1. Rank T143, T168, V111 by how far each Cα sits towards the positive end of the charge dipole of segment 18-268 (+1 on Lys, Arg Cβ; -1 on Asp, Glu Cβ) and give me just the farthest.
2. State the Kirkwood hydrodynamic radius of the chain in Å, one decimal place, computed from all pairs of distinct Cα atoms.
3. What is the local net charge at A130, summed over the other residues whose Cβ is closer than 9 Å to its Cβ (Lys, Arg +1; Asp, Glu -1)?
4. Say R0 is 22 Å: what FRET efficiency, to the nearest 0.05, do T212 and E175 get from their beta-carbon distance?
5. Between E150 and A58, what is the spin-label point distance in nm, taking each point 7 Å from the Cα along the Cα→C-beta axis?
6. Expected output is a single nm value to one decimal: the length gained when fully extending between R203 and A113, i.e. 0.36 nm times separation in residues minus the C-alpha distance. What is it?
7. Suppose the chain between E44 and R86 were pulled fully straight at 0.36 nm per residue; how much longer would it get relative to their current alpha carbon spacing?
8. Counting residues in segment 154-269 as N, plug N into 2.2 N^0.38 Å and put the Cα Rg over that result.
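The values are calculated or read from the model by the stated rules, or taken from the named source; none is laboratory data. Here the structure is a predicted model, which means the values were calculated and not measured. Counting neighbours? That spans all protein chains shown, and the Cβs are built from the backbone with ideal geometry, glycine included. Ligands, DNA and RNA are excluded from the accessible area calculation, which covers all protein heavy atoms including side chains. Shrake-Rupley method; radii C 1.70, N 1.55, O 1.52, S 1.80 Å.
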Amino acid sequence: MSLAPLPAREPDAGRPSQARFTDALLGGRDNYAVDRAWVERVLEVAPQAREVAREHRAFAGRALRLLAAGRGVEQFLDLGSGLPHRDNTHQVVQRYRPGARVVYLDNDPVVLAHGRALLEENDSTHVVDADLTRPDEALTAATKHLDLDEPVGLLMCGVVHHITDTATATRVVREWTAALPAGSYLVLTHHCDPGGAHSGLVRTYDERLRGTELAGVHRALPEVEAMLAGLEPVPPGLVPLHAWWPDGPRLDPLTPLHDTVIGVVAHKP
């Protein structure tokens, strides 16, 4: 494992961070009281948020399994990777391809510190300190560990909806995918406003987090589809996470909240 040098940054225990908030939502231990307090505030609006967070992890695992075991991808770049949990990207893909290279990219000091501890025994996995919203700079740092003459599996899971300006979000996704070689894949998840009766739920959710470091936006399906220009979605395409190649029969009931997070695996021809 290698880790790029860290700047002198310290975590702020008085403000929530997206990585620690997600950790708290998943029942992890690497979070602060402020993060847990915000989880409770979100659960007031969306009581099934914990289940949807687990659904998100399960989708990412299925997508990685497809790319590593089914499509022969040997290198992966995980943007805004967050804090480690069970079945992290390198653990999933190296289960099927032991030599697969994985680069985690994040700029949260807590995430970077945990990355060092988790990966110190793994020579094929690297953690890079960079800002995913600056693709040129971030890619320069990441490509020290990747071969851009070969396909890359690019993960943008749970990050793009936090870029609240739609034009900027679209530009960031397109710049990242434009930099990838042919044969690469994008794994993207995004908060979605499905319209109809669900729109009130997502507006309330977004309003609850507005002005915090957790702020995001639920976009309409065509807005997310526009980010995929030039890519070929793998069937079933851009759909709610639970509908993308589910593993076996569903045991937990679906709720309106489950339709407000969508995902896709898309191929760059």
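1. V111
2. Result for the chain stands at 18.7 Å.
3. Cβ neighbours under 9 Å give a net charge of -3.
4. Once rounded, the FRET efficiency stands at 0.25.
5. Label-label distance for E150 and A58, simple model: 3.3 nm.
6. 28.9 nm
7. Value of the extension gain: 12.5 nm.
8. 1.09
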